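Data block below; observations after.
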Amino acid sequence: MRAPGDRGGDLVRWPRRIGRIGLIQYEGTQTRPSCFQLEPVMSDLAPPIALETYRQQFPALNNKLYFNYGGQGPLSKAALDAILESYTLMQQHGPFSKKALESVTAQIGLTHLAIAQELGVSANTITLTESVTAGCNIALWGLPWQKGDRLLITDCEHPGIVAAVRELSRRFGLEIDICPVQGTLNEGDAVGAIAERIQRDTRLVVLSHILWNTGQVLPLAEIIAACRRQNPDVLLLVDAAQSVGVLPLNLAELDADFYAFTGHKWLCGPDGVGGLYIRPALHDRLQPTFIGWRGICVDASGCPTGWKQDGTKFEMATSAFPLYRGLQVAIEAHRQWGSPAQRYQRIYSLSQRLWSHLQDIPSLRTLRTAPPEAGLVSFQVEGQSHKEWVQVLENWQIMMRLIADPNCIRVCLHYLTLEAEVDTLAEKLRQMVQSKV
């Protein structure tokens, strides 16, 4: 059966139920004896485009080994061309002409649709933003907080979100509880660690689907269910910076309340375009903090009469609209190469390949003691400066990044990554250990 919206022509095994880590469970999937019960399988047909050929449209991949997709993905030539063509067309029409505004309106709608198809939701549930952080802030500041309300956040969230939560607490007198999920990376129960800290007056849980520092994939479906058992009124805000473009998702079935993401990381779209999924039942409860013409209805005289009744309620005003076309092209290119399940399966396989290599390198320790479930592989090197290692590798045109907490080096493996690149990286790391760089 063909996946809805999948125009690549690939046959996939379509959803049966949601698995523990918030992925789609595919027919015929085998469970693994680990804390995660899902391992999607690839379809019987190969993707229609050979990877070596497909990669040629990404200029950034031609002269380096790129392992920093979790920071920013490379932009394809097709996406770059689409952005330039959109800017050129706008100038030809006249930037504020009727034709230009009609084109902008069309691109906004098409971008909602492209994102919605990738996430398995209706287009009217999507709010376009500039980034993950912007999406998280819409949810954080749009709720009706009262003094004494509690907010639960994990100890692995991005500093930008931590800072926003602290300011929220300062302004509204909220009590902030911190859940130590980092300690559940290799043992322990992340679901229980979060659920047991839900209190009667906990209003919101803030967590990431994939932890940006350690690469742990949280079992989101189980966490949502467990939190609601503890407190039926609690809401969950998910930072999806490292999951959108990696995991095959069906947010409508997952039933997350707020799911904030970006297009410039694993989707390889332009920086400056992201989004927020809002569960439809919460649309009226959440109120906009920043307000502009895109989110309001007006009468014949131009006076505001109320809010838009879809995700655009939380969109503000003028954006770099040609970037929207770039993200559309980026998403469509991924779908042409393969289905979300196919892309994830390749990421999963490449991550396991690198993790296995790293187990054989003395003095190098992966944070995970078992193979990873997604595209982030973080490691430490005994007695070495990780900052210096990252710089040396970049001098060799091998791109990855330093993580401050826990202090480590993070490698990001995309379906665009080649097996030969994984093997080359492992050999370079082995050489560095031996030479004590």
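The values are calculated or read from the model by the stated rules, or taken from the named source; none is laboratory data. Keep in mind that this is a model prediction, so the values were computed, not measured. Cβ atoms come from the backbone with ideal geometry, glycine included; neighbour counts cover every protein chain shown.
Quick rundown of the values:
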| item | result |
| --- | --- |
| Subset of the range 134-169 that is among the basic types (Lys, Arg) and either not in a helix (DSSP H, G or I) or not assigned by TED's automatic domain parsing to the domain that holds Gln182 (or both) - its residue that is surrounded by the fewest Cβ atoms within 10 Å (Cβ to Cβ) | Lys147 |
| Any chance Gln91 is under 16 Å from Glu332 (Cβ atoms), polar (S, T, N, Q) and surrounded by fewer than 20 Cβ atoms within 10 Å (Cβ to Cβ) | no |
| Residue in the range 350-365 that is among the polar types (S, T, N, Q), touching a residue at least 24 places away in the same chain (Cβ under 8 Å) and either part of a helix (DSSP H, G or I) or crowded, with 20+ Cβ neighbours inside 10 Å (or both) present | yes |
| Gly188, sole failed condition from (1) closer than 25 Å to Ile409 by Cβ; (2) at pLDDT 95 or above | (2) |
| Selection from the range 94-113 of residues that are touching a Lys or Arg at 6+ places or on another chain (Cβ under 9 Å) and either buried (at least 16 other Cβ atoms within 10 Å of the Cβ) or closer than 16 Å to Ala317 by Cα (or both) | Gln107, Ile108, Thr111 |
| Single residue of the range 392-422 satisfying the filter (in a helix (DSSP H, G or I) and among the β-branched types (Val, Ile, Thr)) that is surrounded by the most Cβ atoms within 10 Å (Cβ to Cβ) | Val422 |
| Only listed residue being β-branched (Val, Ile, Thr), under 21 Å from Cys408 (Cβ atoms) and in contact with an Asp or Glu (Cβ under 9 Å, 6 or more places away or on another chain), chosen from Ile126, Ile161 | Ile161 |
| Pairs with Cβ under 7 Å, 6+ apart, first in the range 85-113 and in the same structural domain as Asn124 (by TED's automatic domain parsing), second small (Gly, Ala, Ser) and part of a loop (DSSP other than H, G, I, E, B) | Ala100/Gly94 |
| Matching entry among Gly188, Gly215 (being over 27 Å from Phe314 (Cβ atoms), surrounded by fewer than 21 Cβ atoms within 10 Å (Cβ to Cβ), in the same structural domain as Ala241 (by TED's automatic domain parsing) and small (Gly, Ala, Ser)) | Gly188 |
| Scope the range 396-408; condition under 21 Å from Asp155 (Cα atoms) and in contact with a strand residue (DSSP E or B) (Cβ under 6 Å, 6 or more places away or on another chain); matching residues | Arg401, Ile403, Cys408 |
| Strands (runs of 3 or more DSSP E) contained in the range 231-325 and holding at least 1 residues in contact with a Lys or Arg (Cβ under 7 Å, 6 or more places away or on another chain), modelled with pLDDT of 95 or more and in the same structural domain as Ala106 (by TED's automatic domain parsing) | 235-239, 296-298, 304-307 |
| Matching residues in the range 49-98 - criterion: being aromatic (Phe, Trp, Tyr) and assigned to a helix (DSSP H, G or I) | Tyr54, Tyr87 |
| Residues that are outside any strand (DSSP E or B) and either polar (S, T, N, Q) or out of contact with any Phe, Trp or Tyr (no Cβ under 9 Å at 6 or more places or on another chain) (or both), drawn from the range 115-133 | Gln117, Glu118, Gly120, Ser122, Ala123, Asn124, Thr125, Glu130, Ser131, Thr133 |
| Any chance Leu249 is buried (at least 24 other Cβ atoms within 10 Å of the Cβ), among the aliphatic types (A, V, I, L, M), touching a Pro at 6+ places or on another chain (Cβ under 9 Å) and closer than 17 Å to Ile126 by Cα | yes |
